[in-house]
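Engineer: Here you go, one structure.
The values are calculated or read from the model by the stated rules, or taken from the named source; none is laboratory data. What you see is a predicted model, and the numbers here were worked out from it, not measured in a lab. Neighbour counts run over all protein chains shown; Cβ positions are idealised from the backbone, glycine included. Ligands, DNA and RNA are excluded from the accessible area calculation, which covers all protein heavy atoms including side chains. Shrake-Rupley method; radii C 1.70, N 1.55, O 1.52, S 1.80 Å.
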Amino acid sequence: MPPWAAALALLLAALALLLLRPWKRAVGARTSVRDHEEQEVASGGPADQLSDRREALPGGCSLICKPSALAQCLLRALRRSAALEPSPRSWLSGPHLQTFCHFILPVGPGPELAREYLQLADDGLVALDWVIGPCARGRRVTNPGSLPPVLLVIPNAWGRLTRNVLGLCLLALERGYYPVIFHRRGHHGCPLVSPRLQPFGDPSDLKEAVTYIRFRHPAAPLFAVSEGSGSALLLSYLGECGSSSYVTGAACISPVLRCREWFEAGLPWPYERGFLLHQKIALSRYASALEDTVDTGKLFRSGSLREFEETLFCHTKSCPISWDTYWDLNDPLRDVDEAAVPVLCICSADDPVCGPPDHTLPAELFHSNPYFFLLLSRRGGHCGFLRPEPLPAWSHEVILESFRALTEFFRMEERMKGLSRRRTSFLGGRRRWGGLQKREVSSNLEEIFNWKRSYTR
């Protein structure tokens with residue numbers, strides 16, 4: 001089926017969604033947006049369970065994190081951000097319109113891409129789309145005197161390249177980044193040369209892609225951004241690699257963090273049917289190639305995202321596994337304590353796909369882990385955060401500003417380390433006075449570096 005047919009089907013689902021309210025989850029009741037707004041009024045803000053350690057930001061947003069020097073640096077940058085300034089409420093404010101405009105509207109001309117296919121260790125293929133133009137308003141320099149940073153962008157797990165992903169790439173190119181989009185096996189025109197697809201949270205292919213990017217740009221800083229369900233892949237990579245990952249900073253837009261519960265509860269039926277139909281259309285071209293590994297008849301008769309995922313990856317003909325085992329291997333938070341990279345998660349309290357944040361976001365992750373930061377907004381839908389044209393989504397502006405703040409923080413850290421070494425060397429022969437100075441510098445360094453935390457098994 002051609003791509004326009006998939007877009008038409010998603011548009012019909014959108015119209016049905018707008019006509020039929022309220023909705024229920026496929027399994028269990030789902031809190032409606034109106035009910036959640038009433039809960040906000042009663043509790044004084046979105047997600048009362050996330051009220052601890054909440055720092056107020058412009059535009060009704062909040063930053064939830066563990067107190068640290070890095071958190072203070074990020075907080076200062078966000079409070080200065082013009083992207084978070086409140087704006088008049090428009091017709092785009094509704095969560096479903098924000099979500100549908102993001103997923104359904106045509107992507108337009110988009111940026112100029114240069115594609116590379118990367119052959120993996122098992123002879124599979126993934127694609128890397130390097131964004132090389134255009135740059136409409138002139139390119140800015142992000143880090144004067146250094147190489148342009150690389151921005152790795154991971155789309156959603158369904159393989160759809162949305163207008164917001166392309167908008168982020170164009171904005172990043174304008175700000176001096178070198179964006180590259182990662183496409184999984186069989187996604188977005190990448191050929192499926194072996195009968196193996198990438199499980200939901202398996203970062204093995206991404207590891208090889210990051211290694212290749214590092215080989216091409218060995219001295220450039222690497223930042224990563226994921227969208228929606230694609231965040232499971234990025235978080236799995238950061239957890240498995242820990243301090244050995246090449247990433248300097250990361251951001252997740254509307255991440256799905258409790259993935260198993262998300263699959264088992266189901267989405268509101270128009271979203272469930274739309275995402276499921278998109279996956280079936282994308283895999284239909286490989287039906288004959290997958291016949292030897294999965295029951296394609298059962299796969300394309302799947303009535304839910306869980307049934308589709310379970311049939312494709314659990315009920316295989318060669319090596320079947322249980323649903324429990326699958327999530328033991330693919331839960332994106334299975335190794336989250338090993339992550340050693342600052343991660344900014346941007347979520348909305350009215351997200352119709354993920355659900356209310358007090359049910360879907362693990363509050364303890366942001367309260368206890370100094371590397372994870374939650375920017376929670378009142379409105380924005382799922383991966384929307386749109387503003388009137390021609391302004392880009394405000395989430396894009398915030399992400400790039402946070403990466404700039406991280407870069408400045410790490411540069412200051414290196415400068416203080418060098419200052420400490422020089423001062424220690426200069427005062428080495430003057431024991432008493434040098435000891436006092438060393439203790440003073442050590443105390444200052446502890447205040448600067450108290451955001452650090454070691455994760456070892």
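Engineer: What pairs come out if I take residues in region 323-344 that are under 17 Å from Thr360 (Cα atoms) and pair them with residues that are outside any loop (DSSP other than H, G, I, E, B) and open to solvent by 20 Å² or more (accessible area, probe 1.4 Å) whose C-beta lies under 8 Å away, six or more apart or interchain?
Structural biologist: Trp327/Arg260; Asp331/Arg260; Arg334/Asp328
Engineer: Ser254 versus (1) open to solvent by 10 Å² or more (accessible area, probe 1.4 Å); (2) more than 30 Å from Lys317 (Cβ to Cβ); (3) in contact with an Asp or Glu (Cβ under 7 Å, 6 or more places away or on another chain): which is the lone unmet condition?
Structural biologist: Checking Ser254 against (1) open to solvent by 10 Å² or more (accessible area, probe 1.4 Å); (2) more than 30 Å from Lys317 (Cβ to Cβ); (3) in contact with an Asp or Glu (Cβ under 7 Å, 6 or more places away or on another chain), the one that fails is (1).
Engineer: Show the residue pairs that are 6+ apart or on different chains and have beta-carbon atoms under 9 Å apart, the first residue being within region 109-131 and over 13 Å from Cys190 (Cα atoms), the second being basic (Lys, Arg) and in a strand (DSSP E or B).
Structural biologist: Cβ pairs passing all conditions: Trp130/Arg115.
Engineer: Only helices (runs of 4 or more DSSP H) wholly contained in region 187-277 count here; list those with 3 or more residues that are of a type in the set (A, V, I, L, M) and free of Cβ contacts under 8 Å to residues at least 24 places away in the same chain.
Structural biologist: By residue number, no helices (runs of 4 or more DSSP H) qualify.
Engineer: Among the numbered criteria (1) outside the structural domain of Arg80 (by the TED database); (2) in contact with a Lys or Arg (Cβ under 6 Å, 6 or more places away or on another chain), which single criterion is violated by Lys417?
Structural biologist: Every condition holds for Lys417 apart from (2).
Engineer: I want to confirm something. Restricting to region 74-98 and keeping residues that are closer than 18 Å to Asp350 by Cα and among the aliphatic types (A, V, I, L, M), which single residue is modelled with the highest pLDDT?
Structural biologist: Among them, the one singled out is Leu84.
Engineer: Inside region 305-338, can you point out the residues that are at pLDDT 95 or above and of a type in the set (Gly, Ala, Ser)?
Structural biologist: The answer is Ser322, and nothing else.
Engineer: Check region 227-244 and report whether any residue there is among the charged types (D, E, K, R), in the same structural domain as Gly159 (by the TED database) and open to solvent by less than 30 Å² (accessible area, probe 1.4 Å).
Structural biologist: Yes, some residue in region 227-244 is among the charged types (D, E, K, R), in the same structural domain as Gly159 (by the TED database) and open to solvent by less than 30 Å² (accessible area, probe 1.4 Å).
Engineer: Next up: (1) under 29 Å from Gly381 (Cβ atoms); (2) touching a Leu at 6+ places or on another chain (Cβ under 7 Å): which one isn't true of Thr311, the others all being true?
Structural biologist: (1)
Engineer: A further question on this structure: If I ask for residues that are in contact with a Phe, Trp or Tyr (Cβ under 6 Å, 6 or more places away or on another chain) and surrounded by 23 or more Cβ atoms within 10 Å (Cβ to Cβ), which ones from region 209-226 would you list?
Structural biologist: Matches in region 209-226: Ala209, Phe223.
Engineer: Please verify whether Arg387 is surrounded by fewer than 22 Cβ atoms within 10 Å (Cβ to Cβ) and in the same structural domain as Gly230 (by the TED database), treating the condition exactly as stated.
Structural biologist: Yes.
Engineer: Additional query: Please list, ordered by first then second residue, the pairs with beta carbon atoms under 7 Å, 6 or more apart or interchain, first in region 355-367 and touching a residue at least 12 places away in the same chain (Cβ under 8 Å), second among the basic types (Lys, Arg) and open to solvent by 20 Å² or more (accessible area, probe 1.4 Å).
Structural biologist: Gly355/Arg30; Thr360/Arg258; Pro362/Arg258; His367/Arg53; His367/Lys66
Engineer: Run down Asp295, Asp350 and say which single residue is charged (D, E, K, R), surrounded by 18 or more Cβ atoms within 10 Å (Cβ to Cβ) and either modelled with pLDDT under 95 or in contact with a helix residue (DSSP H, G or I) (Cβ under 9 Å, 6 or more places away or on another chain) (or both).
Structural biologist: Asp350
Engineer: For Ser377, are the conditions met, namely being hydroxyl-bearing (Ser, Thr, Tyr), within 19 Å of His96 (Cβ to Cβ), crowded, with 18+ Cβ neighbours inside 10 Å and within 18 Å of the chain's Cα centre (by Cα)?
Structural biologist: For Ser377, the condition - hydroxyl-bearing (Ser, Thr, Tyr), within 19 Å of His96 (Cβ to Cβ), crowded, with 18+ Cβ neighbours inside 10 Å and within 18 Å of the chain's Cα centre (by Cα) - is met.
Engineer: Only one of (1) open to solvent by less than 60 Å² (accessible area, probe 1.4 Å); (2) assigned by the TED database to the domain that holds His396 is not met by Phe263, so which one is it?
Structural biologist: Of (1) open to solvent by less than 60 Å² (accessible area, probe 1.4 Å); (2) assigned by the TED database to the domain that holds His396, only one is false for Phe263: (2).
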